[in-house]
Amino acid sequence: MPEMIALPATIEMEMKALVRDGHYANLNEAIKDAFRTLLNVRPELKTSAVIELYKEGKISISKAAEMVGVSTIEFKDILVNRGIRREVGSRSKKELDEGVELINKLRK
């Protein structure tokens, strides 16, 4: 269930006025646009949000790089510069042996 957010009364009145004036279809659209604008004006916030999503395992490193608008290598550099260590999983010996066996079969 989405978390409910309480807006300060003045901001809510202003946003609802924009909806009534036809700038937005509803209050949710106005809030989404405000948030997107915030992230465009303050790209460091977008980067921080994406890093958190990556650290939580909700997005891959390639998706994170795409969201921030950089290459995967550049995103890795961002992580390093922020002191964030990446955990890189490795395959078991059995999985590696099966992969080698499959490659050898395909070569024949």
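The values are calculated or read from the model by the stated rules, or taken from the named source; none is laboratory data. Everything numeric here is computed off the predicted structure, so don't read it as measured data. Here the Cβ is made from the backbone with ideal geometry for all residues, glycine too, and neighbour counts use every protein chain on show. What goes into the accessible areas is simple: the full protein's heavy atoms, side chains included, and nothing from ligands, DNA or RNA. Shrake-Rupley method; radii C 1.70, N 1.55, O 1.52, S 1.80 Å.
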Listed residues 50, 100, 41, 68 arranged by accessible area, highest first, probe 1.4 Å: 41, 100, 68, 50
Note on the stretch 1-82: contact order normalised by length, alpha-carbon pairs under 8 Å, 6 or more apart, percent, works out to 13
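Express the accessible area of the chain per residue in Å², computed with a 1.4 Å probe while the remaining protein chains stay in the model. Kindly include the intermediate steps, with their values, before the conclusion.
On the way: 8960 Å² over 108 residues.
Averaged over the residues of the chain, the accessible area is 83 Å².
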Under 27 Å between C-alpha atoms is the cut-off here; go through the stretch 1-101 and count lysine pairs that meet it, provided they're at least eight residues apart or on different chains. 16
Qualifying GluC sites (Glu not before Pro) for the stretch 1-92 [loop in DSSP, other Cβ within 10 Å: at most 12]: 3, 56, 87
For labels at residue 44 and residue 19 in the simple 7 Å Cα→Cβ model, what's the distance in nm? 3.4
Once you place label points 7 Å from the Cα toward the Cβ at residue 37 and residue 56, how far apart are they in nm? 2.6
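Using the Cα centre of the chain as the reference point, and only Cβ charges (+1 on K/R, -1 on D/E), how large is the resulting charge dipole? Debye, rounded to the nearest 20.
Working: 19 positive and 17 negative charges, 126 e Å.
Around 600 debye, computed over the chain.
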Taking a point 7 angstrom from the Cα of residue 85 along the C-beta vector, which residues in the stretch 51-65 have backbone N less than 16 Å away? 55
